Amino acid sequence: MSQYHIKNLEEYFQVYRKSVAQPEIFWEEIAEEHFQWKRKWDKVLSWDFSKPEVSWFQGAQLNITENCIDRHLTHRGDKTAILFEPNDPKEPAEHITYRQLHKRVCQFANVLKEMGVGKGDRVCIYLPMIPELAISVLACARIGAIHSVVFAGFSATALATRINDCDCKMVITADGSFRGPKTIDLKGIVDEALTSCEGVENVLVAQRIHSKISMKEGRDHWLQPLLDNAYKDCVPEAMDAEDPLFILYTSGSTGKPKGMVHTTAGYMVYTAFTFKNVFQYQEDDVYWCTADIGWITGHSYIVYGPLANGATTVMFEGVPTYPDWGRFWEIVQKHKINQFYTAPTAIRALAKENLSYVEKYDLSSLKVLGTVGEPINEEAWHWYNDNIGKKNSPIVDTWWQTETGGILISPIPYATPTIPTFATLPMPGIQPCLMDENGKEISQNPASGRLCIKFPWPSMARTIWGDHGRYRDTYFSAFKNKYFTGDGSLRDQTGYYRITGRVDDVIIVSGHNLGTAPIEDAINEHPAVAESAIVGFPHDIKGNALYGYVILKEVGETRDNDNLRKEINQLITERIGPIAKLDKIQFTPGLPKTRSGKIMRRILRKIAHQDTDNLGDTSTLLNPEVVEAIMKEAL
Ligand code: WTA
């Protein structure tokens, strides 16, 4: 038996027990046997959650791209590393072999160096799902620059905030992107963002849609001619195990996004290990994760995890609806996909359409189906299992977070028996626990509580860029000596976990985490708005949708509510992006507040859920009368 590759339930329990009893030996053996090091570690783990400080494989040196690319060249040089499927099905797919990937990453890395980018510098990547995205990520890692990928659906304001927060000196973008039948003017968004980013010296522009764009002399450079002239080999930089590999922003409960910092060695070991086990990847398999590399799922399970295992990983540029609702299944048939990993929101949207879109295609290559990003409801789980997996492909409901770097709770397919909506059991090395409201660990089963992790794992984020105090306060202060996930969870009689959702001010809409504060800030910028509060309410496809309660400064007879709603959503689109638009906007004379002035979101949530029979005690409110008024006009 190999502890790197778990094949049945008995092996899982055996490996799990060892990983908890002797975590350092467990991870050390895996690191030793399956990766290439320039220098070995002095110490496997040191940690102190009170500071918090965590370091894995201290003293080791490595380059993650050597592990993801170079070491495969002898045996897998001609194997497809990245399989690019374009937006337009008529455009041919591109197979990039490990050898070609090596050359393209090296050339890109040399371009970065010539532009003055070096170890530790931050590079913002704002690209659509084209090969240059994965290649630029790896090129940064090759030379030790820290990449900060910003999802190309974010607005200019959101992009600028992220560029400035970590002082990026370079931005990598494209002239534009294809999205189904539409094109998006990415370069225009970058130009707008850069009017408020003084630190950016150079912008590299990939050509994708061949649109007319403006190029700023001295700052903007077309990428291709630079790549063509670049040398095709680049010695990988020796990185310390704990050197930052990347920053990735996630929403929080205050306005400012949190730049989660992931480091090199532990992240590599953990994402590779979990990729192998959660997807049971075999040498000739073709693996497809439909996420965007702008999110953590794409970082860990399109780029690093698969490539570290020498896998063939698909990158899809388009959307599930173009040219029609059969696009995903057409791709599964075309590339004989073996592992398919997507989000519950996509499954729900696809399940609403006619089954003929599925039945047209041969899906018999599928062996494992995955979901991630939000709780999957039972109906969607069964639809996925029956119609896509034909009851033959286990579903792995994988629970994890941007902060955790890799999958923490998930079935191992063909080993762990699955139950719909349960993420089931922790991965080796992961020690979850449930805490009650008084901060005590609940040991019995079944139970429900706040989900925490009580022991470090290799791929956990090490800090928030520039704000270690916020890192501590957000994740390590709610429960002493534990990492608090922000999620609530149930645990059944057998110890299976079922994640029930966020217990903080983050709302997951179509799999995207949205903090309420930045949206409220955007709304409050509208000159007619005095105050606002956002809550989530259940939505058939998106999982949750946003409900905004808005107080206007002046209540006049002549006000045009529909137009105001449009303007508010326009502002949100400009400040954050279209994903944060509100489905419902209710204008209200006031918001329920406690005597200390805090908005009682619990009440607003109940009203949005149309669950007003049991509002709880409202008598302690500063303004109980307002509740009645809000209920009367609820949407
Ligand atoms: C939620 C995505 C239920 C959860 C990798 C978490 C899930 C947040 C699941 C992190 C799942 C993720 N079941 N809920 N399988 N996976 N979540 O940072 O609330 O974009 O805290 O990372 O998504 O979202 P993030």
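Numerical summary
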read-out	value
Some residue of the range 556-568 being open to solvent by less than 60 Å² (accessible area, probe 1.4 Å), part of a strand (DSSP E or B) and modelled with pLDDT under 95	no
Complete set of residues in the range 477-490 that are part of a loop (DSSP other than H, G, I, E, B) and within 16 Å of the ligand (Cβ to nearest atom)	478, 479, 482
Pick from the range 491-511, criterion in contact with a Pro (Cβ under 7 Å, 6 or more places away or on another chain) and in a strand (DSSP E or B), ranking: nearest to residue 436 (Cα to Cα)	491
Number of positions in the range 133-176 that are open to solvent by 10 Å² or more (accessible area, probe 1.4 Å) and under 23 Å from residue 303 (Cα atoms)	5
Condition broken by residue 98, with the remaining ones in (1) closer than 23 Å to residue 259 by Cα; (2) more than 22 Å from the chain's Cα centre (by Cα) satisfied	(1)
Hits in the range 219-252 (condition: open to solvent by 60 Å² or more (accessible area, probe 1.4 Å) and assigned to a loop (DSSP other than H, G, I, E, B))	229, 231, 232, 233, 235, 237
Members of the range 70-118 found to be within 30 Å of residue 201 (Cβ to Cβ) and in a loop (DSSP other than H, G, I, E, B), listed by number	115, 116, 117, 118
Residue under evaluation residue 297, criteria (1) away from the ligand (no atom under 16 Å from the Cβ); (2) assigned by TED's automatic domain parsing to the domain that holds residue 181; (3) of a type in the set (S, T, N, Q), criterion not met	(1)
Condition broken by residue 201, with the remaining ones in (1) open to solvent by 50 Å² or more (accessible area, probe 1.4 Å); (2) under 22 Å from residue 299 (Cβ atoms) satisfied	(2)
Residue match in the range 491-503 (condition: aliphatic (A, V, I, L, M) and more than 23 Å from the chain's Cα centre (by Cα))	no
Failed condition for residue 324, given (1) farther than 21 Å from residue 179 by Cβ; (2) open to solvent by 40 Å² or more (accessible area, probe 1.4 Å); (3) in a loop (DSSP other than H, G, I, E, B)	(1)
Test for residue 594: is it modelled with pLDDT under 95 and either open to solvent by less than 50 Å² (accessible area, probe 1.4 Å) or closer than 16 Å to residue 635 by Cβ (or both)	yes
Members of the range 464-480 that are open to solvent by less than 30 Å² (accessible area, probe 1.4 Å) and hydroxyl-bearing (Ser, Thr, Tyr)	471, 475
Leading residue by the ranking (least open to solvent (accessible area, probe 1.4 Å)) among those in the range 31-69 that are hydroxyl-bearing (Ser, Thr, Tyr) and under 30 Å from residue 478 (Cβ atoms)	55
Residues (under 22 Å from residue 627 (Cβ atoms) and either in contact with a Cys (Cβ under 6 Å, 6 or more places away or on another chain) or among the β-branched types (Val, Ile, Thr) (or both)) located in the range 525-550	529, 534, 535, 550
Number of the condition not met by residue 23 [criteria: (1) under 16 Å from residue 428 (Cα atoms); (2) free of Cβ contacts under 8 Å to residues at least 24 places away in the same chain]	(2)
Residue that is at pLDDT below 95 and either assigned by TED's automatic domain parsing to the domain that holds residue 540 or more than 30 Å from residue 30 (Cα to Cα) (or both), where the choices are 473, 521, 467	521
Residue 303 vs. criteria within 30 Å of residue 191 (Cβ to Cβ) and crowded, with 20+ Cβ neighbours inside 10 Å	yes
Enumeration of residues in the range 578-609 that are touching a residue at least 40 places away in the same chain (Cβ under 8 Å), in a loop (DSSP other than H, G, I, E, B) and of a type in the set (S, T, N, Q)	588
Total residues in the range 257-300, condition among the polar types (S, T, N, Q), within 15 Å of residue 372 (Cα to Cα) and open to solvent by 10 Å² or more (accessible area, probe 1.4 Å)	2
Counted residues, the range 610-633 - those being part of a loop (DSSP other than H, G, I, E, B), of a type in the set (A, V, I, L, M) and touching a Ser or Thr at 6+ places or on another chain (Cβ under 8 Å)	2
Every pair of residues 6+ apart whose Cβ atoms lie under 7 Å, when the first sits in the range 379-398 and is open to solvent by 30 Å² or more (accessible area, probe 1.4 Å) while the second is assigned to a helix (DSSP H, G or I)	383/347; 383/351; 387/358; 391/385
Residues of the range 492-525 that turn out to be more than 13 Å from the ligand (Cβ to nearest atom), within 15 Å of residue 449 (Cβ to Cβ) and open to solvent by less than 20 Å² (accessible area, probe 1.4 Å), as a count	1
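The values are calculated or read from the model by the stated rules, or taken from the named source; none is laboratory data. If you're wondering where the values come from, they're calculated on a predicted model, not measured in any experiment. Every residue, glycine as well, gets a Cβ built from its backbone with ideal geometry; the counts of neighbours run over all protein chains shown. Remember, those area values only see protein heavy atoms, side chains included, never the ligands or the DNA or RNA. Shrake-Rupley method; radii C 1.70, N 1.55, O 1.52, S 1.80 Å.
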